[in-house]
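One structure is given below, encoded as structure tokens.
The values are calculated or read from the model by the stated rules, or taken from the named source; none is laboratory data. Since the structure is predicted, the reported quantities are computational estimates derived from the model, not experimental observations. Every residue, glycine as well, gets a Cβ built from its backbone with ideal geometry; the counts of neighbours run over all protein chains shown.
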Amino acid sequence: MSEQKYESKIQSIPAPVEKVYPVLSNLMNLERVRELIPPDKVQEMEISEDSVKFKVDGLAQKVTIRIVDKIENDTIKFGLDNMPMAANFWIQLKEVTPSDTRVKLTVKADIPVFFRMMIEKKLQQGIDEAAVMLTQFPYTQWS
């Protein structure tokens, strides 16, 4: 296995980084958008400020996403536990103007070569969709 890196397309959030970062760096804010998460994909979600545990079909244990490092108004790094492969991801923020913060997601994962061709496209599509979803939050109303 070798670690592969996947990056989302850069998206624009119409808010200053000082409003975006506090929302994304506190996972309790997922409670505000819980109804947007498809129940057929994620069940039994437990949310705290720095971690989210949930059940996904096909895995015996709950997956945990936890914040492992934060650089204020810049980067939020996440680790993943109880996954069938080693993986982590991070969100990068860059304010271009006070009404334009750019966001990019990066995933690093040790995907076995045998499975890489089967899941690469879906993984890339998923992180691109996640980056777009991050542009939809009402950041100025939440902070």
_Selected residue (criterion: farthest from residue 118 (Cα to Cα)) from residues of segment 4-22 that are at pLDDT 95 or above and out of contact with any Ser or Thr (no Cβ under 9 Å at 6 or more places or on another chain)_ = 10
*Mind counting the residues in segment 57-97 that are in a strand (DSSP E or B), within 15 Å of the chain's Cα centre (by Cα) and not β-branched (Val, Ile, Thr)?*
14
_Top-ranked residue in segment 28-53 [being outside any loop (DSSP other than H, G, I, E, B) and polar (S, T, N, Q); ranked as nearest to residue 80 (Cα to Cα)]_ = 51
_Matching residues in segment 75-130 - criterion: being closer than 23 Å to residue 10 by Cβ and small (Gly, Ala, Ser)_ = 87, 99, 109, 126, 130
*asked:* When you check residue 44 against the structure, is it modelled with pLDDT of 90 or more and loosely packed, with under 13 Cβ neighbours inside 10 Å, yes or no?
replied: no
*Out of all the residues in segment 29-41, which are in contact with a strand residue (DSSP E or B) (Cβ under 8 Å, 6 or more places away or on another chain) and either surrounded by 12 or more Cβ atoms within 10 Å (Cβ to Cβ) or among the polar types (S, T, N, Q) (or both)?*
30, 37
_For a quick check of your reading of the model, give me the residue pairs whose first member lies in segment 91-120 and is under 14 Å from residue 21 (Cβ atoms) and at pLDDT 95 or above, whose second is of a type in the set (Asp, Glu) and crowded, with 18+ Cβ neighbours inside 10 Å, with beta-carbon atoms closer than 8 Å and at least 6 apart or on different chains._
101/95; 102/95
*Scanning for something surrounded by fewer than 14 Cβ atoms within 10 Å (Cβ to Cβ), within 18 Å of residue 137 (Cα to Cα) and more than 17 Å from the chain's Cα centre (by Cα), does segment 99-115 turn up at least one residue?*
yes
